Amino acid sequence: QVQIVESGGGVVQPGGSLRLSCGLSGFTFRDYVMAWYRQPPGKQREMIATVSGSGDTVYTHSLKDRATISRDNTKNTVYLQMNSLKPEDTAVYYCNRIPEFSTWGQGTQVTVSS
């Protein structure tokens, strides 16, 4: 049974940083590309970044230069370090593998506000 558990969100002031974590189980973690997504209020979910099993990364434009995706294959965990956060980064953040599981985790809320 696949489980996805995101954590690490919270309320942060503009310019602040957060490190999100996502633990996954129920499949061979190291064999898959992993991805972080976000869903701002009232908008569709969008992909932020991906990391391959060997650590190769790809970023979309929305958080490029302000985010770092990484993974620990010994812990079945993927991370997203975000810096210089802006109010428009407020969203629920999710992770999933590629190809995506149909069932998503609960996400972790990130609110950037002064």
- Report, ordered by chain and residue number, the lysines lying within cross-link reach of Lys75, taken as a straight Cα distance under 24 Å and ignoring same-chain residues fewer than 8 apart. none
- Message: Running a GNM on the chain with Cα contacts under 10 Å, which residue among Ile98, Ile48, Ile69 ends up with the highest mean-square fluctuation?
- Response: Ile98
- Query: What percent does the relative contact order of the chain come to when contacts are Cα pairs within less than 8 Å and at least six residues apart?
  - Reply: 36 percent
- With springs only between Cα atoms under 10 Å apart, run a GNM on the chain and tell me which of Leu80, Leu20, Leu63 wobbles the most. Leu63
- Message: Going Cα to Cα from Lys43, which lysines come in below 29 Å? Please leave out same-chain ones fewer than 8 positions away.
- Response: Lys64, Lys86
- Between Thr68 and Glu46, with labels modelled 7 Å along Cα→Cβ, what's the label distance in nm to one decimal, could you check? 2.4 nm
- Just check region 68-114 against the gyration tensor rule for me: Cα atoms, a ≥ b ≥ c as the square roots of the eigenvalues, rounded for a/c under 1.5, and otherwise prolate or oblate depending on whether a/b exceeds b/c. oblate
- Query: Under a 1.4 Å probe, what is the accessible area of the chain per residue, stated in Å²?
  - Reply: 53 Å²
- For the chain, the percent of accessible surface on carbon and sulfur atoms (probe 1.4 angstrom, ligands and nucleic acids excluded) is 45 percent
- Most mobile listed residue (Arg66, Arg97, Arg19) in the chain, GNM with C-alpha springs under 10 Å: Arg66
- Message: Test of understanding: what is the full-extension gain from Phe27 to Val5, defined as 0.36 nm times their sequence separation minus their Cα-Cα distance?
- Response: 6.5 nm
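The values are calculated or read from the model by the stated rules, or taken from the named source; none is laboratory data. The structure presented is a predicted model; accordingly, all values stated were derived computationally and were not measured. Cβ: placed from backbone, ideal geometry, glycine included. Neighbour counts: every protein chain shown. Ligands, DNA and RNA are stripped out before the accessible areas are found, and what is left, the full protein with its side chains, is counted by its heavy atoms. Shrake-Rupley method; radii C 1.70, N 1.55, O 1.52, S 1.80 Å.
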